[in-house]
Amino acid sequence: MNKRALDYALKIRLPITVVVILCSFALTFYVSRPERDGLGYQPEQPINYSHKLHAGEMNIDCQYCHTGVEKTRHAMVPPAETCMNCHKVVKTDSPEIKKLREYWEKGEPIPWKRIHKVPDYAYFNHSVHVNKGIDCAHCHGDVRKMDKVEQVHSFTMGNCLDCHRNAHERMPEIAENINKGPENCNACHR
Amino acid sequence: MSNNEMKKKSGVKQLPKIENPEQFFNLPRTEEGQKEAKKSKYWRSLEVLNNPESKEVLDAKKVEFPFGEDQAINLDSMSSVNRRKFLALMTASGVFATTACTDYQDKGKIINYTTKPESVQPGVANYYASTLNITGNSWGILIKTREGRPIKLEGNPEHPVNQGKISNLAHSTIVNLYDPSRLKAPQIKGKKGLKLVPFEKTTWEDADKAIVKALNDAVNSGKEIAILSEQVLSPSYASLLNDFIAKYPTAKVYGFNTFNNDVKNAAWQETYNTTDLFPSIQLDKADVILSLENDFLGVDGDTIENTRMFVSRKDINNVYGFNKMYCVEGAMTLTGAKADYRFRLSPEMQFEFVAGLINEVIKKGALTADSSAFSSYSLDKFIKVNGFHAQKIGYLVDDLIKSKGKSIVLGGRHLPKATHIAINYLNHILGNTELYRQDSIPVSYGEFSKNGDFTNLVKDMNAGKVGVLINIDTNPVFNMPADLNFADAIQKVNTVVTLSEQENESTGYSTYLLPTNHTLESWGDAHARSNVMSLQQPVISPLYDTREKEAMLLTWINGGSEYSFDIYYNYVANKWKNDIYPKFNSAVNFETFWNNTLHDGVVTMKSSTEAIYEFNTSSLSGLKPTKKENYTVVFTESPTIGDGKYANNGFLQETPHPITKVTWDNTANISINTARKLDLKFQDMLELNLNGKTIKLPVVVQPGMADDLVQIDLGYGRTAAGDVGNEVGFDVNQFMTSNGISPWIFTGAKVSKAEGTYKIASTQEHHQMDELVGEAILGDKAYKISEFHIDRHIIQETELDTYKKDNDVIARHKHATKSIMANHEYTGIKWAMAIDMNKCTGCNACITSCNVESNIPVVGKEEVLHGREMQWMRMDRYYSGDENNPKVSIQPMMCQHCDNAPCENVCPVVATTHSPDGINQMVYNRCVGTRYCANNCPYKVRRFNFYDFRDNLAKGYYYAQSMQQMYNPEVTIRSRGVMEKCDFCTSRIADAKSNATKDGREFKGSDVVTACQESCPANAIYFGDSNDPNSEVSKLRKHDLGYHVLEILDVKPNVTYIAKLNNVIPEIDNSEGHNSAH
């Protein structure tokens, strides 16, 4: 390799390559950020259950099924038994209900895909938030309108803190009853 | 040249000159003040006392982790990765990598219930009341379960005996449930010649059939069926054993506890011509307690009940009600450490002392009692010969006479019968029978409740007269007196059936090895006291293919084919319905009664039998003292691992011995004089020769031991305990023969120095808070920093009488500190803790409770040697005064949650910060492991995960799948490279807070109980809101006995210690070089 070619490679090509790599990394990093945070995540579920139908059109309260939400830190996906309360009689011939029935009869848990997740080292507590009167939709979006549930808000620490710091602006409807959320580490991490 | 310039030039590191040191450090400046200060020096070990500036001592103080930071990783301690596992992992990670590419957003599945059990709410703990029979005691427990898994044991507050508290041993039994080496299926002895497979799997049906056949054969051929079992506390079990004998008439039951009250009970029965057992004592009514070798706060008797009653008379709000404890003992125990006056006396001399005391008390107190049996003993002569402080003994005699009927003399269970009879007599003539409880006495199931006649049993076994030996959860080969040669005898028995949770030294000899349920998987009951009965219920279905031991016996009674999982439950329920329920004259029907008892765990009845104590004077005739020859050896129960049954429990092995601070070992403890005589020091080897047998043991020179006495804990040196407990310590059971002064005391031993040394993992000098390096100039005088130690006031105590006269005696020494920063205002709740050192006995229950609550790993002996033990709490034990018989001060130490926490400033990644409610927070997911915080912590309470410790002990023993179920899901499991420390049970705070929100009430400081507080048998720990003027904590913070450790540093700690008040008379103690507050 002659001297000029090396000079060219080192002075022009290398910096350009590095800049291109860095730019594309930065661009991908920021563009893909929402996706990596799970925004828009809408997996196929084993049973094609519609929140829009149940919670929206039929107006069943969230807590009819998610019973843990005001008692513990886990909202809890309902046991198949809860579905069967109605579906022993209702729409028993629908193919989706047949699937449900099969799980129920075999005693197998329905392998629901998880959509919303905070990391293991954060101890989010549903009951505290719900008992303060905060609507589920603040974090989960308007599930009542979703045929298939998807994630609409990112579940990052920044997002939690944004609401904790500006609770009154974010939730004007209950502003009188709430304080600002705690911001200290132990509030979530322990 | 100014001072500063001089320093710069010379390059000598010196602290800046301080103009007015008295104000700043409150240093005693007068000659007398200096003398006074020197006198009150506290020390942790003899090395510190004698060579305070030796390299070892300075190194231990200078560096928290003395050596080994660059040591190679020991692969043997980790879970092994073999070729197949490696391939499996590679394949799995390959699969994960490819699938992750297809859907990197995947967050896994949610596994829900198909049918949710009504009582289970994910995320909420359920508590079940039950009973735990352990170390000869029966305690009510509450079992905390999460999603069906038991994760913690607590005492049942409604149980009248233990009232919500259990011992450190009881706390750690939860580990045994999940122990990976539990027996998992029934086994039968392998065919001969197959040495590699000593046992083969079998089915329960086959085993049952074969055993019933063997039992019938034994009955038909007139051979004995010997049943070995722990001493029985359970009425249903006792009646089951009787049923068994009825079905198989040649059966005979032998109770067996290594440590028991048999000698004491026998003496009691002889003294009062009764069949009752030694009664429980109302320690809370005793103004004066004289303990003779009785470690009632440590291992002797119902330590939980004793502690509660004893410290109820150490209430700082009622200083005129303080009790006074005298202790005469050979080995240093927790009781001796807590005593106001302690005397050293070898245990075989106790009889002469008691006899002399009886004489003296009768003479001085002008009691109308017969002293003829003791007339040849003189107390004056005795104290002269044994070098007792005559004036202090004078106080003892006066106090006993003055508090007639309100004092008690307690004899240790290991003392010989004659001594116990003499003690009973002393109590009798003093009218102390008043203090024996009559409404609540220990219950005896006759022969089942005491140790059997093993000499005859072994003779019969050797003669082939025993057809079947059923060993129920005991370990005779390891624990029985060695001269019985049980291991030889057991091989002469045709059918040996062993019922056991784990393998042990005895299981290898079995024909059938049948796994039993853990306590938490079993039904049962207990008769703790004549008026207290309790039920034991399972909280989890058996993890493995195991059965309750009682269920097996029942099956064999029924002919071997009728097992069902509820067979023993039905038996217990029937027993309660037919025998026990009628006794209660309950107004409700049986079902309600049963359900209520099951819910509460315990049921009590009113019973007060006026016992009349008629002393059987003939028991006094022929009492003889025992003579000392050469050295005396006393074998004691280990306060940490018991008699060895729990040796495979890492939590217990790693809990430091409360006095010697030794972990993972038993040692030969000797006095300073003995050590000098034999030229022995800490970690040297000693050769003990007793009855022709010898052993080499490492030495701990223990201040406070009687001279010419060797004390050794039993239970160590197990060879078949499991990967954790094997080869830990030394097996001294070989010395337990029947020719001692009592089963546990032997004299005539020869002791000499042996070659070599041994590494003892003692935490004695770990995490010291006082520095000894460098110099400081105060005023115009240079001081070694060692002298500041005097001023650090880590331990503060005074005499009760001094405090009564002058309430400010401690408070006067409060340091006025100035901060250059503005103090943060805490509005709302501010968490704080207070520890009452008058009550704390140093029993270690809090440490174990904290271990279980906070998922603290076991690190192993090697790592303890490196100073890497992980317990968030530690018990600092300080000595002061006469080195031969020092005063002991025990101080629980954990994160002080300082307002001006020095650790917080130095964290480069802000992983440790302060919360608005005053907690020093540790954020594990943020920590990068610089260890700056630990370096900067004046209290040395931060712990660093040098490894993933779970995978760093005995081939990753605690990494096993079963262990994962034990963890508290509310506390993060810390991995390698992360700092951790006491978090004031922040998960419990969060839990209480969310409950308050749920119930729509205001969150109060009193809603939270920390794990250590909950478990403290002495109720010495208080926790709450220091901003609430009505809370216990804020009152104690302001109390004139309250002080803060190292408050001179202006770190503003949030743990208040209440100075100990010693109930001693100041004058004579000063003449002995005793410490007073300064």
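Taking the beta-carbon count within 10 Å as an exposure proxy, list B:ASP951, B:ASP836, A:ASP142 from fewest neighbours to most. All intermediate terms of the calculation are to be shown ahead of the outcome.
Working: B:ASP951 17, B:ASP836 25, A:ASP142 14.
Going from sparsest to densest Cβ surroundings: A:ASP142, B:ASP951, B:ASP836.
Using θ = phi - 60° and the Karplus form 6.51 cos²θ - 1.76 cosθ + 1.60, what ³J(HN,Hα) does each residue of region B:832-849 get, whole Hz, x for Gly and Pro?
7, 10, 9, 10, 8, 6, 5, 9, 4, 10, x, 7, 6, 4, 5, 4, 5, 4
For B:PHE343, which sequence-distant residues (separation of 5 or more, or a different chain) have an amide H within less than 5 Å of its own amide H, given hydrogens modelled in the peptide plane?
B:CYS327, B:VAL328, B:GLU329
Tell me, B:ARG1001, B:ARG974 in order of fewest to most beta-carbon neighbours within 10 Å?
Working: B:ARG1001 10, B:ARG974 24.
So the residues, fewest neighbours to most, are B:ARG1001, B:ARG974.
Per residue of region B:997-1013, what does 6.51 cos²θ - 1.76 cosθ + 1.60 with θ = phi - 60° give for ³J(HN,Hα)? Whole Hz please, x for Gly and Pro, Karplus curve as stated.
4, 4, 7, x, 10, 6, 7, 10, x, 6, 6, 10, 10, 7, 5, 5, 5
For the pair B:LYS364 and B:ASP999, what calculated FRET efficiency results from E = 1/(1 + (r/R0)^6), where r is the Cβ-Cβ distance and R0 = 51 Å, to the nearest 0.05?
On the way: r = 63 Å, r/R0 = 1.23.
So, using R0 = 51 Å, E works out to roughly 0.25.
So who's got an amide H within less than 5 Å of the one on B:GLY524, skipping anything under 5 residues away but keeping other chains? H placed 1.01 Å off N, in plane.
B:GLN536
List every residue whose amide H lies under 5 Å from the amide H of A:ASP147, counting only residues 5 or more places away in sequence or on a different chain, with H placed 1.01 Å from N in the peptide plane.
For A:ASP147, whose amide H was placed from the backbone, the distant partners under 5 Å are A:LYS52.
Counting each DSSP H run of 4 or more residues in chain B as -39500 (n - 2.57), what helix-only mean residue ellipticity at 222 nm follows after dividing by all residues, to the nearest 500 deg cm²/dmol? Write down the numbers at each step before the final one.
Working: 36 runs with 297 residues, N = 1078.
One gets -7500 deg cm²/dmol as the mean residue ellipticity at 222 nm.
Please list B:537-549, B:343-355, A:86-98 highest first by mean number of surrounding beta-carbon atoms within 10 Å per residue.
Values: B:537-549: 18.6, B:343-355: 24.9, A:86-98: 11.9.
Descending mean neighbour count gives B:343-355, B:537-549, A:86-98.
Past 23 Å, Cα to Cα: identify those pairs from B:LYS209/B:LYS247; B:LYS285/B:LYS661; B:LYS285/B:LYS404, in the order given.
As for pairs spanning more than 23 Å Cα to Cα, those are B:LYS285/B:LYS661.
Order of B:LYS314, B:LYS998, A:LYS106 from fewest to most other C-beta atoms within 10 Å? Could the numbers behind the result be given before it?
Numbers: B:LYS314 24, B:LYS998 15, A:LYS106 10.
Ranking B:LYS314, B:LYS998, A:LYS106 by Cβ neighbours within 10 Å, fewest first, gives A:LYS106, B:LYS998, B:LYS314.
Output ³J(HN,Hα) for region B:456-471: one whole-Hz value per residue in order, computed from phi by the Karplus curve 6.51 cos²θ - 1.76 cosθ + 1.60 with θ = phi - 60°, and x for Gly and Pro.
Values, residue by residue: 5, 4, 5, 4, 5, 4, 5, 7, x, 8, 9, x, 10, 10, 9, 9 Hz.
Considering only the other residues whose Cβ falls under 14 Å of the Cβ of B:VAL120, what net charge follows from Lys and Arg at +1 and Asp and Glu at -1?
After counting each charged neighbour, the total is +2.
Report the label-to-label distance for B:ASP217 and B:ASP566 in nanometres (one decimal), using points 7 Å from each Cα along the Cα→Cβ vector.
Those two pseudo-labels are separated by 3.6 nm.
Please give the FRET efficiency for B:ASN689 paired with B:ASN318, using the beta carbon to beta carbon distance and R0 = 45 Å, rounded to the nearest 0.05. Write out the running numbers ahead of the final one.
Working: r = 52 Å, r/R0 = 1.16.
Efficiency, from the Cβ-Cβ distance: 0.30.
Sorted by average packing, counted as other Cβ atoms within 10 angstrom per residue and highest first, what order do B:454-466, A:161-173 take?
B:454-466, A:161-173
What is the local net charge at B:TYR826, summed over the other residues whose Cβ is closer than 12 Å to its Cβ (Lys, Arg +1; Asp, Glu -1)? Kindly include the intermediate steps, with their values, before the conclusion.
On the way: positive: B:LYS830, B:LYS1052; negative: B:GLU825, B:ASP899, B:ASP917, B:ASP1025, B:ASP1028.
After counting each charged neighbour, the total is -3.
Looking at chain B, send over the antiparallel percent of its DSSP beta bridges, to the nearest 5. Kindly include the intermediate steps, with their values, before the conclusion.
Numbers: 76 of 128 bridges.
Of those bridges, close to 60 percent are antiparallel.
Looking only at other chains, what is the average number of their beta-carbon atoms within 10 angstrom of each beta-carbon in A:39-51?
1
So which aspartates and glutamates pass the test for A:LYS180, namely a Cα distance under 14 Å, with those fewer than 8 places away in the same chain ruled out?
Of all the aspartates and glutamates, those that pass the test against A:LYS180 - Cα under 14 Å, at least 8 places apart if same chain - are A:ASP162, A:GLU169.
Let me know the shape class of the protein assembly as shown, please: from the alpha-carbon gyration tensor, a ≥ b ≥ c as square roots of the eigenvalues, rounded when a/c is under 1.5, otherwise prolate if a/b is greater than b/c, or oblate.
oblate
Other chains' Cβ within 10 Å of A:72-78 residues: what's the mean? Walk me through the numbers before you get to the answer.
Details: counts 7, 7, 5, 2, 7, 5, 3.
Taking the mean over all residues of the peptide, I get 5.
Excluding residues on the same chain fewer than 8 positions from A:LYS99, give the lysines whose Cα lies under 19 Å from its Cα.
Candidates past the 8-residue exclusion: A:LYS88, A:LYS91, A:LYS113, A:LYS148, B:LYS109.
Taking the Cβ of B:GLY692 as the centre, find all other residues whose Cβ is under 11 Å away and add up their charges (Lys, Arg: +1; Asp, Glu: -1).
Values: positive: B:LYS693, B:LYS750; negative: B:ASP483.
Net of charged neighbours comes to +1.
What's the average, rounded to a whole number, of partner chain beta-carbon atoms within 10 Å of each residue's beta-carbon in B:911-920? Intermediate results must be reported in sequence, preceding the final value.
Numbers: counts 2, 1, 3, 3, 6, 5, 4, 0, 3, 1.
Across B:911-920, the average partner-chain Cβ count within 10 Å equals 3.
What do you get for Rg/Rh over chain B if you use C-alpha atoms and the Kirkwood form of Rh? All intermediate terms of the calculation are to be shown ahead of the outcome.
Numbers: Rg = 30.0 Å, Rh = 31.1 Å.
We get a ratio of 0.96 for chain B.
Taking 0.36 nm per residue of separation and subtracting the Cα-Cα distance, what length does fully extending B:SER372 through B:ASP59 add?
Numbers: separation 313, 0.36 × 313 = 112.68 nm, distance 6.03 nm.
Contour length minus the Cα-Cα distance gives 106.6 nm.
Which of the lysines could a cross-linker span from B:LYS1052 if the Cα-Cα distance has to be under 20 Å and same-chain partners fewer than 8 positions apart are dropped?
B:LYS814, B:LYS818, B:LYS830, B:LYS940, B:LYS981, B:LYS1035, B:LYS1038
Sort region B:451-563 into rounded, prolate or oblate with this rule: let a ≥ b ≥ c be the square roots of the eigenvalues of the Cα gyration tensor; rounded if a/c is under 1.5, and if a/c is not under 1.5, prolate when a/b is larger than b/c, oblate otherwise. If you can, show how the numbers build up before the last one.
Working: a/c = 1.95, a/b = 1.55, b/c = 1.26.
Note, shape of region B:451-563 comes out prolate.
Place a point 7 Å from the Cα of B:LYS459 along the Cα-to-Cβ direction; which residues of region B:208-246 have their backbone N under 20 Å from it?
So the set is B:222-228.
Please give the peptides B:621-631, A:10-20, A:148-158, B:898-908 ranked by average Cβ packing (other Cβ atoms within 10 Å per residue), highest first, as a rough proxy for protection. Each step should come with its number before you reach the end.
Details: B:621-631: 14.4, A:10-20: 10.3, A:148-158: 16.0, B:898-908: 18.3.
Ranking, from highest mean packing down: B:898-908, A:148-158, B:621-631, A:10-20.
Throughout, read-outs are computed from the coordinates displayed, never taken from laboratory work. The model shown is predicted, which means the values in this text are computed figures rather than measured ones. All Cβ positions, even for glycine, are placed from backbone atoms using ideal geometry, and neighbour counts span all protein chains on display.
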